[in-house]
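Report on the structure given below.
Here, each number is a calculation from the coordinates, and none is a lab measurement. Bear in mind that the values here come from a model prediction, so they are computed numbers and not experimental data. Virtual Cβ from ideal backbone geometry, glycine too; neighbours counted across all protein chains shown.
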């Protein structure tokens, strides 16, 4: 549905850059801002297909975007290409930069550490410096991750319920806020590279006075995800159910909890920040308490939506640095941007993903 943004109304020539524009969040941001912006440049080189093989290919989503947008221009560019990034910024004076491109997998990072760090940290530095040199007044919003906290959240006391782990203390009920430490914990190499990028984004805000923000995402999900086993929790889980393949549970009895946020609600948060930006801020963003579920609970929801029994096997070894129970405390984001709230429930998310996957497989 078309909508107008006060951010966009400040100028009739707003230009937006979205990196990772064929991915889950990037494509949602492109589609969300397209009715409002004069021009949206989308940077993506489909490296997800290189990272994850054919199931990670996002070319289908690029084709979809081109069919539903009017102001979108895709650019095949690797964000590690510093001269290429600088040239792009020399050619365009962007008002908003939304940086979603990443190597997103815990497990893959250990096998491709140079690619992981060069994309996540080096690519972010390239974009920040290009912004500072050529459009320092632009709003720069970075899709960080809750993995910047490493496994420190696992130190929060938990109690075991029948189908999930739960916080033991009432004070932790709303989840993890931005005061959680980001060092002295095990992150995985992916988490470490994202910490480097997160700190860089903060520093360009605090040191140079640029309008930067880090969104430390929980489980970001939605129908436009190319979910794979190594990345894309709900999308991959529902895909496994629909295709009647065996889903692997890695440790914690399948009771590990994640909070899930629809990509549309992430795009709305980005719009809210763009309207009233701050310098060097960080926000936890996810589905919060209302959109949290364990793997076992997700199995039940998937079965209810598709009518198919979930096939799975249990591996009694958890992923390195993985969270046992993670729920994003949304208090800071809601306080700074009181007009923002979740609009997509967990039921909405499951139904939309199942519908989209069924349509794509026809």
In degrees, nearest 10, the alpha-carbon axis of helix 263-275 is tilted away from the dominant principal axis of the alpha carbons of the chain by 40
Could you let me know the centre-to-centre spacing of the range 148-202 and the range 207-222, using Cα atoms, in angstrom?
16
Taking a point 7 angstrom from the Cα of residue 70 along the C-beta vector, which residues in the range 21-48 have backbone N less than 12 Å away?
34-39
Part-to-part distance (alpha-carbon centres) for the range 307-346 and the range 231-263, which is given in Å:
11
What full-extension length gain, to one decimal in nm, is calculated for residue 358 and residue 137 as 0.36 nm per residue of separation minus the Cα-Cα distance?
75.2 nm
At 0.36 nm per residue, minus the direct Cα-Cα distance, what do residue 316 and residue 183 gain on full extension? Give it in nm, one decimal, please.
45.2 nm
Please give the FRET efficiency for residue 347 paired with residue 63, using the beta carbon to beta carbon distance and R0 = 25 Å, rounded to the nearest 0.05.
0.30
Round to the nearest 10 and give me the degree value, 0 to 90, for the angle of helix 295-306's Cα axis relative to the longest principal axis of the chain.
80
Burial-style ranking of 311-321, 120-130, 21-31, average other-beta-carbon count within 10 Å with highest first, yields 21-31, 120-130, 311-321
Once Rh for the range 177-216 is found with the Kirkwood sum over Cα pairs, what is the Stokes-Einstein diffusion coefficient at 20 °C and 1.002 mPa s, in µm²/s?
193
To the nearest 10 degrees, how steep is helix 346-360 against the longest Cα principal axis of the chain, on a 0 to 90 scale?
80
For 118, 177, 183, what's the fewest-to-most ordering of other Cβ within 10 Å of each Cβ?
183, 177, 118
How high is the FRET efficiency between residue 304 and residue 174 when r is their beta carbon distance and R₀ equals 41 Å, given to the nearest 0.05?
0.95
So for the chain: antiparallel DSSP bridges make up what percent, rounded to the nearest 5?
15
The chain - mean residue ellipticity at 222 nm from DSSP helices (-39,500 (n - 2.57) per run, n ≥ 4, rounded to 500)
-11500 deg cm²/dmol
